[in-house]
Structure formats: structure tokens, C-alpha cells
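Undergrad: Mind having a look at this structure? Questions to follow.
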Amino acid sequence: MLKEKLKKYKIILASGSPRRQQFFKDLDLDFEIRLKDVEEIYPPELKAVEITDFLAQLKADAFKNELKENEILVTSDTIVWHQNKALGKPKNAQDAFEMIKSMSNATHEVITSVCFQTNTTSTLLHDITKVTFKDLSDESILYYIENYKPYDKAGAYGIQEWFGFMAVTKVEGSYTNVMGLPTAKVYDYLSTLV
């Protein structure tokens with residue numbers, strides 16, 4: 001439906017995330033993937049959504065002056081915000097364990113920002129989902145890390161995997177946002193372009 005309306009545009013997804021790529025396929029959108037290496041460093045004074053907004057824009061800025069008139073570049077960034085700090089992708093098993101352990105029997109926020117960039121405009125939107133974990137045993141955390149190796153995921157877990165089914169007791173907000181893209185918001189924004 002939207003694919004037909006967006007025919008005059010070329011949508012470019014600048015994300016190596018297999019989950020984000022799958023979401024764009026599942027939204028029935030025609031798109032191409034263009035990737036650039038961007039060092040994801042943000043000023044230390046930024047908090048919560050300021051971090052994801054900054055990083056999504058940073059990723060888009062890497063394509064400045066390269067976009068043609070009909071192209072829409074989509075970049076995004078996701079963090080887990082817990083105890084007033086950002087949890088990105090874990091460096092190793094120990095880091096992953098500490099992240100998950102800190103979220104045990106507590107509620108954290110998953111924040112995703114999405115940047116839509118054209119050759120003349122840049123629009124940012126974001127979404128925040130609250131996720132609650134049950135009280136987790138060390139054994140279950142270690143089992144998950146060993147068997148699922150969640151090193152490519154913010155906060156060291158995937159809600160769509162065994163861990164999410166076993167550990168998550170409550171989700172307030174967009175489920176797909178926790179996987180890295182608030183799909184309804186993205187779809188609605190793209191709908192405004194036609």
C-alpha cells in the first residue's frame with residue numbers, strides 16, 4: 001500500500017542490523033541498504049533520548065551531500081537506559097552478564113531514535129518502551145549469554161529470543177521498538193511524505 005505511494009522516492013536504510021532490515025521488508029517497503037562506518041561516540045553529558053537522537057543524526061550526517069533529490073535516508077540508534085546510564089552493546093560475556101544482572105527484577109527503558117534525511121531536510125523521531133524483567137538467576141543469565149551470544153544487542157538481550165520469552169514480565173509501549181525500530185511510527189512518518 002505505502003510502497004505504491006512512495007514510488008517516486010528511493011528509501012535508503014543505513015543499518016547493518018538484520019532486525020531493522022527485516023522490519024523494512026515486513027512493512028512491505030522497497031529499499032536499498034547503504035552502510036558507512038561511523039564511530040558511535042557521543043558527548044558524555046547527553047542523557048537518554050539525547051544520546052539516541054545524537055547518534056541517529058551522526059549516522060545520517062555521514063551521507064551529507066551524497067543524497068539525490070528523491071532519496072530518503074533512514075538511520076537509527078537504540079540504547080537501553082537504566083539507572084541513569086546508557087547500556088549499549090556488551091563488550092564481552094562479563095559485560096553482558098553485568099548488564100542483564102543490573103536489570104533483573106527491575107524496569108528499564110529502551111529508546112530508539114530514527115532520522116529521516118533528504119538532500120534538504122532532516123527529521124528526528126524517537127520512541128521509548130518500558131520493559132520489566134522478573135528476578136533472574138545467575139544460571140539463567142549465563143545460559144542465555146553462552147547459547148545466544150547477544151553481543152550485537154543494546155542491553156545484551158533480544159526480546160524476541162528465549163530470554164525475552166523467559167524474562168520479560170511487562171512491556172509498556174512499542175514491542176518492535178525494543179527490537180530496534182518503532183515500526184508504527186516509522187510507517188506513519190513515511191505516510192506523511194505522500
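The values are calculated or read from the model by the stated rules, or taken from the named source; none is laboratory data. Predicted model only: the values in this text are computed from it and were never measured. Cβ atoms come from the backbone with ideal geometry, glycine included; neighbour counts cover every protein chain shown.
Undergrad: Can Asn84 be described as modelled with pLDDT under 95, surrounded by fewer than 12 Cβ atoms within 10 Å (Cβ to Cβ) and more than 16 Å from the chain's Cα centre (by Cα)?
TA: no
Undergrad: Follow-up question, since we're still on this one. Got at least one residue in region 120-132 being crowded, with 23+ Cβ neighbours inside 10 Å, among the aliphatic types (A, V, I, L, M) and assigned to a strand (DSSP E or B)?
TA: Yes: one or more hits.
Undergrad: Are any residues in region 60-103 closer than 19 Å to Ile12 by Cβ, of a type in the set (D, E, K, R) and part of a helix (DSSP H, G or I), and if so, which ones?
TA: Asp61
Undergrad: Within region 4-27, identify whether any single residue is in contact with a helix residue (DSSP H, G or I) (Cβ under 6 Å, 6 or more places away or on another chain) and modelled with pLDDT under 95, and answer yes or no.
TA: No, region 4-27 contains no residue that is in contact with a helix residue (DSSP H, G or I) (Cβ under 6 Å, 6 or more places away or on another chain) and modelled with pLDDT under 95.
Undergrad: How many residues, within region 3-25, are surrounded by fewer than 16 Cβ atoms within 10 Å (Cβ to Cβ) and in contact (Cβ under 8 Å) with a residue 24 or more places away in the chain?
TA: Count: 3.
Undergrad: Is there any pair linking a residue in region 149-169 that is within 16 Å of Pro90 (Cα to Cα) and touching a residue at least 40 places away in the same chain (Cβ under 8 Å) to one that is exposed (fewer than 13 other Cβ atoms within 10 Å of the Cβ) and among the polar types (S, T, N, Q), with Cβ under 9 Å and at least six apart or on different chains, and which?
TA: Going by the 9 Å Cβ cut-off, the qualifying pairs are Tyr151/Asn92.
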